[in-house]
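The structure appears below as structure tokens.
The values are calculated or read from the model by the stated rules, or taken from the named source; none is laboratory data. As the structure is a prediction and not an experimental result, all values here were calculated from the model. Every residue, glycine as well, gets a Cβ built from its backbone with ideal geometry; the counts of neighbours run over all protein chains shown. In case anyone asks, the SASA skips ligands and DNA or RNA and just uses the protein heavy atoms, side chains included. Shrake-Rupley method; radii C 1.70, N 1.55, O 1.52, S 1.80 Å.
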Amino acid sequence: MEKKRTAAPTGRLARWIAAAAIGLMALVVGAPSAVAQGSESVEGQTYVIGTDTTFAPFEFRQNGELTGIDMDLLRAIAEDQGFEVEIRSLGFNAALAALSSNQVDGVIAGMSITDERKEIYDFSEPYFESGVQMAVAAGNDEITGYEDLEGKTVVAKTGAEGESYAKSIAEEYGFEVKSLDQSATMYESVKAGSAVAVFDDYPVLAYGIAQGNGLKTVTDKVPGGSYGFAVNKGENTALLAAFNDGLAELKANGEYQQILDSYLADPTAAAPSNFFDLLVKSIPALMTGLWHTLLVTAISFAIAMALGLVFGFMKISGNIVLRGIATTFVNIFRGTPLLLWAFMFYFGLPQLTGWEISVWTAGVLTLSLNAGAYVAEIVRGGIQSVDPGQLEASRSLGLGYGKSMQKVVIPQAFKMMTPSLINQLIISLKDSSLLLAIGFTELLYQGQQIYAANFRVTETLLIVGIIYFIAIMALTKLANYADRRFNK
Amino acid sequence: MSTVTEQSSNVKIQVKDLHKSFGSNNVLKGIDMDVREGEVVCVIGPSGSGKSTLLRCLNKLEDITSGKVVVDGFDVTDPKVDINEVRRHVGMVFQHFNLFPHMSVAENIMLAPVELKKMSKAEGRERALELLERVGLREKANARPASLSGGQKQRVAIARALAMAPGIMLFDEATSALDPEMVGEVLQVIKELADTGMTMVLVTHEMGFAREVADRVVFMADGVVCEQGAPEQLFGNPQQARTQDFLSKVL
Ligand SMILES: Nc1ncnc2c1ncn2[C@@H]1O[C@H](COP(=O)(O)OP(=O)(O)OP(=O)(O)O)[C@@H](O)[C@H]1O
Ligand SMILES: [Mg+2]
């Protein structure tokens, strides 16, 4: 099959940008020590291997540890052949970019062997035969084959082989194909009944079922592409040979099948068994996400306050140009969706300017400009709500405009603004979850990563929701306390 | 400063052919008025005749459309004049007090002297207490304005206006927003101030008070000075029909 998760073009772009960022990082840090080009023996060597971040069951994190079929196979082969591996979890496209620039020696990432790729990489023997399979809800006894799909809707992954296969037979069997982005959401929609069946990569599907996603397969797998381990063309030949030798050895001694079975057959292998277990296992990643959420919100809101003060004052200024600029700013950022700016800053701006824009920079820009527009309106409203007599009284005492604003008007305006500002802070915190669309590792993003690996969507979302709720309640209490303290 | 003998005829405020319009609304249509040092001038007239506007032109709270206003030697209409400097010589008391609600009574009074670096905080507070003593509210120094009665608020506002030791005081209907039983205490303070020789312009509806305290009464109608003179003359023997008509309604 063509590589999974071809997904939306934005996703591909994100990975290329991440690849570029990682390339730059590696340049700064210095090339890895163990680029052992074409050496005679692999024994005792250390190889740097790039892989994807999350593509269950091939590579994913469990309790912080990188695990999965690819990881287990690679480690077993390395042990068998007597070399060491240093694994870098870079993301799919980033790993390939790192390979091209010799920052890693090889890539194993559930990667299909294609003719296109064969022109730039040398592949090992296929280590996994993939293919598409159809699954339905575990309790569904009506759908037992394609002929039962007449008039029904099925889901498949955007751009993946499952989608093209489903579409190729849709007319023949008279069903409709709806495309979704993630395996986890596809499985949820089958369970929820909005689609009767899902077409997905067989290993992903099998793993999901093994994790207890509540589905069952009802058709045979349609043979598809096969996965291989890749090195740069003509380089690391010894490593490639060792991989092939080790793979053959594992297949012969049964260890290969054992590894596959542990992910694809045993339904209790890796799944967190109950809600509490899931909670304990997901908390570390979710806390990292919460920290990123709070940090990006705090930084963005501080900038938004500064922007809001400047533009808020410009909005009430007597100067028509300043007023025009401020009004334009506010209208632009209030009148367009936040997500649009996230994409614009993360994908558009680097292409327009050639600058490196990190996901943090893009996230902070997006949130602070959006919140800044609202804060500007809050500031304008706050200042205008102060009785003009206050400014007059201060001016009549001989205090200048700036001093009068600072000592008399702003303190009163700020008091009136506080509830709206707290409100905006909370909105910004919640809005920061939209940044998951550009791969910002905030709380909801971490939740997605977790259910992408264990398919327990509802429970994971419930935990994420509770964390958001507690964080926002705490923030509200804190802000109200500060309000009472300083705005007596 | 002029010589001591000429002091009483020393002109503190000079208004010449003052025009003020808001858009196409001509509110002041050529006002001429002089106020000598130590003089107490009361401005009366029907609502909308431009009394407040005139007063607010004196310290340039309103931009002046045309004409000339000289206050304490400063030409207010000169664009190069430091208006903040001028305002320090002119205290103003508003109908609605306009006390700063987020500051204590003493802080209201200290604000200008301390912020304008005329005094240290301690000196400023000392001065605030003195002024509060003068308006009979020393014990309210640490109170918030919101906890005061209307009469007390206006007395604090007067103390605040006096903080920069101005040579001129402007009052715009200082008692109009007060309950009747509180009018007296505020008028008393204003009267004491007048007795110290302060130059004052008061816009007022209190005809009895104007008659008692004013050296001169100015009757305004439709944006012009219709008639002026000593109180007993203007109230006792008004010359203009407009004045007679107005007085017959308010007295
Ligand atoms: N800021 C302003 N913008 C536009 N018009 C104004 C403004 N201030 C005053 N005016 C107008 O100027 C005219 C005179 O107002 P002003 O307040 O000076 O009258 P007044 O004699 O003080 O009346 P009152 O006894 O009711 O206080 C009124 O017609 C008023 O509507
Ligand atoms: Mg008035």
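Taking the range B:37-62, which residues are charged (D, E, K, R), more than 14 Å from every other protein chain (Cβ to nearest Cβ) and more than 10 Å from ligand 1 (Cβ to nearest atom)?
Within the range B:37-62, B:Glu37, B:Glu39 qualify.
If you take the residues of the range B:12-29 that are away from ligand 1 (no atom under 15 Å from the Cβ) and touching a Gly at 6+ places or on another chain (Cβ under 7 Å), which of them is nearest to the other protein chains (Cβ to nearest Cβ)?
The selected residue is B:Lys12.
Enumerate the helices (runs of 4 or more DSSP H) found wholly within the range A:220-324, keeping only those where 3 or more residues are within 22 Å of A:Ser428 (Cα to Cα).
Passing ranges, in order: A:275-316.
Under the condition of being open to solvent by 30 Å² or more (accessible area, probe 1.4 Å), touching a residue at least 24 places away in the same chain (Cβ under 8 Å) and more than 11 Å from ligand 2 (Cβ to nearest atom), which residue from the range B:28-57 is farthest from B:Arg87 (Cα to Cα)?
Out of the qualifying residues, it is B:Lys29.
Touching a strand residue (DSSP E or B) at 6+ places or on another chain (Cβ under 6 Å), open to solvent by less than 50 Å² (accessible area, probe 1.4 Å) and more than 9 Å from chain A (Cβ to nearest Cβ): which single residue out of B:Val86, B:Val105, B:Val76 fits that description?
Exactly one of B:Val86, B:Val105, B:Val76 is touching a strand residue (DSSP E or B) at 6+ places or on another chain (Cβ under 6 Å), open to solvent by less than 50 Å² (accessible area, probe 1.4 Å) and more than 9 Å from chain A (Cβ to nearest Cβ), namely B:Val76.
What number of residues in the range A:68-89 are closer than 13 Å to A:Val107 by Cβ and in contact with a Leu (Cβ under 9 Å, 6 or more places away or on another chain)?
Residues meeting the conditions: 3.
Condition test on B:Val11, is it away from ligand 2 (no atom under 16 Å from the Cβ) and open to solvent by 30 Å² or more (accessible area, probe 1.4 Å)?
Here the answer is yes, as B:Val11 does meet what is asked.
Filter the range B:108-118 down to residues that are crowded, with 24+ Cβ neighbours inside 10 Å and more than 19 Å from the chain's Cα centre (by Cα) and give me whichever is farthest from the other protein chains (Cβ to nearest Cβ).
Among those that are crowded, with 24+ Cβ neighbours inside 10 Å and more than 19 Å from the chain's Cα centre (by Cα), it is B:Met110.
Could you grab me the full set of residues in the range B:158-176 that are within 16 Å of ligand 2 (Cβ to nearest atom) and either polar (S, T, N, Q) or surrounded by 24 or more Cβ atoms within 10 Å (Cβ to Cβ) (or both)?
Those that are within 16 Å of ligand 2 (Cβ to nearest atom) and either polar (S, T, N, Q) or surrounded by 24 or more Cβ atoms within 10 Å (Cβ to Cβ) (or both): B:Leu170, B:Phe171, B:Ala174, B:Thr175, B:Ser176.
Which residue is nearest to the other protein chains (Cβ to nearest Cβ), if the candidates are limited to the range B:171-227 and must be within 16 Å of ligand 1 (Cβ to nearest atom) and either assigned to a helix (DSSP H, G or I) or at positive phi (or both)?
So, considering only residues that are within 16 Å of ligand 1 (Cβ to nearest atom) and either assigned to a helix (DSSP H, G or I) or at positive phi (or both), the one nearest to the other protein chains (Cβ to nearest Cβ) is B:Glu173.
Of everything in the range A:72-94, what is within 22 Å of A:Glu129 (Cβ to Cβ) and under 21 Å from the mean Cα position of the chain (by Cα)? Give them in sequence order.
The answer is A:Phe92, and nothing else.
Return yes or no: is A:Asp181 open to solvent by 40 Å² or more (accessible area, probe 1.4 Å) and more than 23 Å from the chain's Cα centre (by Cα)?
no
With respect to B:Leu148, is the statement that it is within 16 Å of ligand 1 (Cβ to nearest atom) and either more than 14 Å from chain A (Cβ to nearest Cβ) or not charged (D, E, K, R) (or both) true?
Judged against the criteria, B:Leu148 is not a match.
Can you name the helices (runs of 4 or more DSSP H) wholly within the range A:368-475 that have at least 3 residues being within 13 Å of chain B (Cβ to nearest Cβ) and crowded, with 17+ Cβ neighbours inside 10 Å?
Result: A:388-396, A:410-431.
Taking into account only those residues within the range B:63-73 that are surrounded by 17 or more Cβ atoms within 10 Å (Cβ to Cβ) and not β-branched (Val, Ile, Thr), which is nearest to ligand 1 (Cβ to nearest atom)?
B:Gly67
Which of the residues spanning the range A:96-122 are outside any helix (DSSP H, G or I), open to solvent by 20 Å² or more (accessible area, probe 1.4 Å) and under 15 Å from A:Glu235 (Cβ atoms)?
A:Ser101, A:Asn102, A:Gln103, A:Glu119, A:Ile120, A:Asp122
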